[in-house]
Amino acid sequence: MLTIFYDGDCPLCHFEMAHLKQYDQDNQIELVDIQQSDFDKLYPEINYQEAMKVLHGVYLGEVLLGLDVTKRAWSLVGKGCWVAPLSWPVINPLSKWGYLRFAKYRLPISALAAKVFNLGSKNVTIPKCDTGTCYAKDVDNRR
């Protein structure tokens, strides 16, 4: 199982997680909103400040960061071909650079994209989780 720690206050992040979960037929991905009030207590191994800078994930006990989380997630749901070019020699350094710039400015970029593309509205189903942890395997009634 891959656990992804994402910024629930970021509309684009929400959108990508909702899109990703549409393909997760085998429930291989658990989503954790780092904005939940007790995040530090529930996940002391993940530093909130660092998680706000770059996407964090845990897969088979290993911490993944940034595009490595994205590539693993899409590969697990059978869509690895969508992100494979991010690993190609010429594209890899550019994609890492681009990701870090996006991550740094994701909130204003996301706010603009949400307004332009109406993200977070009835056009995009974004799961709301009372606990901040969505799609856990042991939960039958997903929100």
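R0 = 35 Å: FRET efficiency of K104 with Q25, Cβ-based, nearest 0.05? Intermediate values should be presented prior to the final figure.
Details: r = 33 Å, r/R0 = 0.95.
Efficiency, rounded to the nearest 0.05: 0.55.
As a calculated quantity, the FRET efficiency between K96 and E45 at R0 = 30 Å, using C-beta atoms, amounts to about 0.80.
Phi-derived couplings, Karplus 6.51 cos²θ - 1.76 cosθ + 1.60 at θ = phi - 60°, listed residue by residue for the range 87-104: 9, 5, x, 6, 7, 3, x, 5, 5, 5, 4, x, 4, 4, 5, 4, 4, 5 Hz, with x used for Gly and Pro. Ranking of C81, C10 by solvent-accessible surface, largest first: C81, C10 (1.4 Å probe, protein heavy atoms only, all chains present).
At a Förster radius of 22 Å, what calculated FRET efficiency corresponds to the Cβ-Cβ distance of K115 and Q35, to the nearest 0.05?
So, using R0 = 22 Å, E works out to roughly 0.65.
What separates the Cα centres of the range 24-96 and the range 99-115 is a distance of 17 Å. Compared with the direct C-alpha span, the chain from V54 to W88 gains 10.1 nm at full extension, assuming 0.36 nm per residue. Amide H contacts of L55 (H built 1.01 Å from N, in plane; Pro and chain starts excluded): G66 sit under 5 Å, all sequence-distant by 5 or more or on other chains.
The values are calculated or read from the model by the stated rules, or taken from the named source; none is laboratory data. These numbers were taken from a predicted model, which means no experiment stands behind them. Cβ sites come from the backbone with ideal geometry, for glycine too, and all protein chains shown count toward neighbours. The protein model used for the area step is the full one, side chains on, heavy atoms only, and it has no ligands, DNA or RNA in it. Shrake-Rupley method; radii C 1.70, N 1.55, O 1.52, S 1.80 Å.
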